[in-house]
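A short worksheet on the structure shown next.
The values are calculated or read from the model by the stated rules, or taken from the named source; none is laboratory data. From a predicted model like this one, the values you see are computed outputs, not experimental measurements. Because the Cβ atoms are built from the backbone with ideal geometry, glycine has one as well, and the counts that use them run over all protein chains shown.
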Amino acid sequence: MRYCNALIVAVLAAFILFSCSNGQKGDHLKTPSKERTAEDDKADSVLLSYNPANGDKWIADFVYNLHKKYGFNGNMLVAKDGRILYEKAIGWADYLHRDSLKINSEFELASVTKTFTGTAIMQLIEQDKLNLNDDVKKFFPDFPYDGINIRLLLTHRSGMMNYVYFTDGIWKDKKKPMSNMDVMRLIAEHKPARYAKPDTRFHYNNSNYMVLGAIIEKVTGKTYADYMMDNIFKPAGMKHTHVYSTTVYPKIPVDVVGHDRTWRYSVVQNFLDGPVGDKGIYSTIHDLVLFDKALKNGRLLTQKSLDSAYTGHNKAVNGHFNYGYGWRIFDGDKGEKVVYHTGWWHGFRHIYVRDIKKNIVIIFLGNLTNGSLLHLDELYKYMKTPIIRKGAYSGNGSLPGSDED
């Protein structure tokens, strides 16, 4: 009897040990290394493979109509379950020189950059180099406002003014670009009036993510560009994504030019293209698919961090729309979860949509700032994903000036 009991205990111990060992292996497999391998590149190549002959006919017709009827000019892509259903480069990269867009053309992502800045901040929180409750004064003692922490910057609840407007009358030499540190110095010197007290309301503006960009540089000792390259772009396999600031590049080295509403006006970069974090990342539709993949497979952040980033931290607009840590959010009545971001800057206008539940990615990168991206409802319906347009829903809207891009 004693022998049988001992045998049972031994078997149970071996089973537990085996289960724990397998669990550890499973956990390891769920968190890919940030070090790239040849297998990673091969898998990405398969993900990005696309044969136009097999493209979705309905989406093709929709995009053609969006171009002809509403003037969409840019690159677009729709993918589901790791397969590209349709992609297209349509129109001009530079109308003045009659250069056509290519599928790998790099666009200034404008405010889509904020999704990357939010990801970087969450990485530093995971590494215990930052805390959501850290006050900006911890990093910049001369910062003139009390009570603004990293959480409020991430969620656009700081109440800060928008530096884009504040610096225009102060920065005298418009041919000389500003850096993030230049803007932080100007804020410390001039102490511009705030829009609101901290944590009293949602007010979307670029100052929040410009300050986060400055904090990334202060904490890591790296430039924002170098941090992003080493910790996000390279691990995700994003080989055509860069941070370009006019403080480093007098002429941004890409072939896509932004155009303001009509083809008469191409938008030239200026001193406001120096600060980064709120904007400044240039990328392609394919690299944004790889960013989606790297977020989903745990290569960049833990699931706990993603859950926090994808949680709305403000009062929902029209019952569904909110803002998390670097992501706009749609929470549906039936548990739908869509995270996305729009962008609008110097002739570029975009939308980057990730339906988490249905594993769908929809990307439109445009370099003609018309209203074409307000006409995507039928595409959303076709993909059976929520319509990502606030005007499609009833309810109270955001306060004036609180949702600018």
Exercise. Keeping to region 220-247, report how many residues are of a type in the set (A, V, I, L, M, F, W, C), in contact with a helix residue (DSSP H, G or I) (Cβ under 7 Å, 6 or more places away or on another chain) and part of a helix (DSSP H, G or I).
Key: 3
Quiz item: Between a first residue in region 270-293 that is in a strand (DSSP E or B) and a second residue that is buried (at least 22 other Cβ atoms within 10 Å of the Cβ) and of a type outside the set (A, V, I, L, M), which pairs have beta carbons less than 6 Å apart while being 6 or more apart in sequence or on different chains?
Solution: 281/113; 281/116; 282/106; 282/108; 283/241
Quiz item: What residue, of 277, 258, 213, is surrounded by 17 or more Cβ atoms within 10 Å (Cβ to Cβ) and touching a Leu at 6+ places or on another chain (Cβ under 7 Å)?
Solution: 277
Quiz item: Do we find a residue being touching a Pro at 6+ places or on another chain (Cβ under 9 Å) and within 27 Å of residue 83 (Cα to Cα) anywhere in region 365-388?
Solution: yes
Quiz item: Across region 327-357, which residue is nearest to residue 292 (Cα to Cα) among those that are of a type in the set (Ser, Thr, Tyr) and surrounded by fewer than 22 Cβ atoms within 10 Å (Cβ to Cβ)?
Solution: 340
Practice problem: Please find, among 319, 326, 312, 366, the residue that is on the phi > 0 side of the Ramachandran plot and at pLDDT 95 or above. | Solution: 326
Exercise. Note down all Cβ pairs under 7 Å where the first residue falls in region 168-182 and is under 13 Å from residue 211 (Cα atoms), the second is among the basic types (Lys, Arg) and part of a helix (DSSP H, G or I), and they're at least six residues apart or on different chains.
Key: none
Quiz item: Among the residues of region 69-82, is any in contact (Cβ under 8 Å) with a residue 60 or more places away in the chain and among the aromatic types (Phe, Trp, Tyr)?
Solution: yes
Exercise. Tell me the helices (runs of 4 or more DSSP H) entirely within region 101-177 that contain at least 2 residues that are closer than 15 Å to residue 193 by Cα.
Key: 163-166
Exercise. Report whether or not residue 370 is assigned to a loop (DSSP other than H, G, I, E, B) and farther than 30 Å from residue 130 by Cβ.
Key: yes
Quiz item: Got a sec? Which of 147, 213, 221 is closer than 29 Å to residue 269 by Cβ and in contact (Cβ under 8 Å) with a residue 40 or more places away in the chain?
Solution: 213
Quiz item: Since residue 250 meets every condition but one in (1) touching a helix residue (DSSP H, G or I) at 6+ places or on another chain (Cβ under 9 Å); (2) without any contact (Cβ under 8 Å) to a residue 40 or more places away in the chain; (3) assigned to a loop (DSSP other than H, G, I, E, B), which condition does it not meet?
Solution: (1)
Quiz item: Among the residues of region 183-201, is there at least one that is more than 19 Å from the chain's Cα centre (by Cα), under 19 Å from residue 271 (Cβ atoms) and among the β-branched types (Val, Ile, Thr)?
Solution: yes
Quiz item: If a residue has to be touching a Gly at 6+ places or on another chain (Cβ under 8 Å), outside any helix (DSSP H, G or I) and on the phi < 0 side of the Ramachandran plot to count, how many in region 41-74 make the cut?
Solution: 2
